[in-house]
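The values are calculated or read from the model by the stated rules, or taken from the named source; none is laboratory data. Model, not experiment: these values are computed from the prediction. Cβ sites come from the backbone with ideal geometry, for glycine too, and all protein chains shown count toward neighbours.
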Amino acid sequence: MEFTLEEIAHLLGGEVKGDGKAKVNSIAKIEEANPGSISFLSNPKYENFIYSTQASAVIVKKDFLPKTAVTTSLILVEDPYSSFTTILEAYQQALLASKNGKEEPSFIGNKSTIGTNHYIGAFAYIGNNCKIGNNVKIYPQVYIGDNVIIGDNTTLYAGVKIYTNCELGHHVTIQSGAVIGSDGFGFAPQADGTYKTIPQIGNVIIGNHVDVGANTVIDCATMGSTIIYDGVKIDNLIQIAHNVKVGKNTVIAAQAGISGSTTIGENCIIAGQVGIIGHIKIANKTTIAAQAGIGRTISEEGTTLLGSPAIEKLDFLKSFSIYRKLPTLQRRIEELEEKILNLSVIKEL
């Protein structure tokens, strides 16, 4: 794929400073770029690379003023980082568009329908009564159970598993190895010390523009639905248990775990390795720092929590400040104890 700088500038709503007819065919970091590639400069600490880069073009902020001459062409935009993201999206869409048709062997069950411009990779399995939209890309070795609904422009990468009765919206991306709709962790303790499995008969509903990372698991509900609302971004290696609800535009980083029947609000930020117990609610716009443990409902919006068990950010920082002083405080207490003992001896004399 090859584009002129004028075409790219038009896509970004920017302006070319240099040779608008020049063509690029690849995307690269500014410090690693070669002729024919395009890069961007957003962080000022990388500015020195723009004077030596081999890139044919660099996307920069429209008010950028070089300290010395540059040999590359510039594309002037409002926000270089967002503009570069737009190029990456366009590039990815072009790659996805090149995938189409049905490879063999693959299996499509009875009464299942698939929209136009689809791609079904080799060894993919699609169960009975499924409804799959337009421009859906199903990579090799994907399993889709019976009665699954998948919206337009959704991509399931190799090895994804979608269990029976689950629903995926439009523009959903699920990375390799993710499992959607597996049984929730439901076991009833018995009098003899054993556990009886509680059937998990619900499903998972995923909204529009949701991203799910590799090897992440979202369990089906015991009854009803586990729901991931529109715009949620879920990293790799995350466990979301049965009957959880994750609000719109919330982001969850790797290795976080959310226990059953917990409701996460909208626009929350959950950092890596966070643990959240079941049957609680997290308010909108809550930020939870890495490795925090949440053991209670968070009712106030916009709270930032740290620690395990997690507490509000300011309280955590105050407590940690005291914690760091503990060795000094211990020495002072020991010195005071010695002085008190000496005073007692003097008094007895």
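Just a few scattered comments:
Rundown of residues vs (1) among the small types (Gly, Ala, Ser); (2) at pLDDT below 95, yes/no style:
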position: 91; (1), (2): no, yes
position: 97; (1), (2): yes, yes
position: 105; (1), (2): no, no
position: 114; (1), (2): no, no
position: 145; (1), (2): yes, no
position: 154; (1), (2): no, no
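- Residue identified as among the β-branched types (Val, Ile, Thr) and touching a residue at least 24 places away in the same chain (Cβ under 8 Å) among 246, 212, 251: 212
- Matching residues in region 66-80 - criterion: being without any contact (Cβ under 8 Å) to a residue 40 or more places away in the chain, hydrophobic (A, V, I, L, M, F, W, C) and either assigned to a helix (DSSP H, G or I) or within 19 Å of residue 45 (Cβ to Cβ) (or both): 70
- Candidates 42, 83: the one that is assigned to a helix (DSSP H, G or I) and in contact with a helix residue (DSSP H, G or I) (Cβ under 6 Å, 6 or more places away or on another chain) is 83.
- Among the residues of region 34-53, those identified as over 19 Å from residue 82 (Cα atoms) and touching a strand residue (DSSP E or B) at 6+ places or on another chain (Cβ under 8 Å) are 34, 36, 53.
- Residue match in region 299-317 (condition: under 24 Å from residue 207 (Cα atoms) and surrounded by 23 or more Cβ atoms within 10 Å (Cβ to Cβ)): no
- Look at region 256-271: where a residue is closer than 8 Å to residue 240 by Cα and a partner is among the aliphatic types (A, V, I, L, M) and in a loop (DSSP other than H, G, I, E, B), sitting 6+ places away or on another chain with Cβ atoms under 7 Å, you get 258/241; 258/244; 259/241; 259/277; 260/241; 260/244.
- Residues of region 1-46 classified as surrounded by fewer than 16 Cβ atoms within 10 Å (Cβ to Cβ), in contact (Cβ under 8 Å) with a residue 40 or more places away in the chain and touching a Gly at 6+ places or on another chain (Cβ under 8 Å), total: 0
- Condition check for residue 243: under 25 Å from residue 175 (Cα atoms), surrounded by fewer than 18 Cβ atoms within 10 Å (Cβ to Cβ) and not charged (D, E, K, R): no
- Residues that are in contact with a strand residue (DSSP E or B) (Cβ under 8 Å, 6 or more places away or on another chain), under 30 Å from residue 158 (Cα atoms) and not small (Gly, Ala, Ser), drawn from region 72-99: 81, 84, 87, 88, 91, 96, 99
- Qualifying residue in region 320-332 (condition: in a helix (DSSP H, G or I), among the small types (Gly, Ala, Ser) and over 18 Å from residue 246 (Cβ atoms)): yes
- When region 258-268 is filtered for residues that are buried (at least 17 other Cβ atoms within 10 Å of the Cβ) and of a type outside the set (Ser, Thr, Tyr), the ones remaining, listed by number, are 258, 260, 264, 265, 266, 268.
- Test: residue in region 55-66 that is outside the structural domain of residue 210 (by TED's automatic domain parsing) and over 27 Å from residue 2 (Cβ atoms): yes
- Qualifying residue in region 244-256 (condition: part of a loop (DSSP other than H, G, I, E, B) and closer than 17 Å to residue 161 by Cα): no
- Scan of region 1-28 for residues that are charged (D, E, K, R), farther than 22 Å from residue 96 by Cα and part of a loop (DSSP other than H, G, I, E, B), ordered by number: 19, 21
- Taken together, the residues in region 143-172 that are free of Cβ contacts under 8 Å to residues at least 60 places away in the same chain and under 21 Å from the mean Cα position of the chain (by Cα) amount to 19.
- Test: residue 222 is of a type in the set (S, T, N, Q), out of contact with any Ser or Thr (no Cβ under 6 Å at 6 or more places or on another chain) and either assigned by TED's automatic domain parsing to the domain that holds residue 166 or closer than 19 Å to residue 303 by Cβ (or both): yes
- Taken together, 213, 231, 272, 247 contain a single residue that is assigned by TED's automatic domain parsing to the domain that holds residue 136 and more than 13 Å from the chain's Cα centre (by Cα), which is 247.
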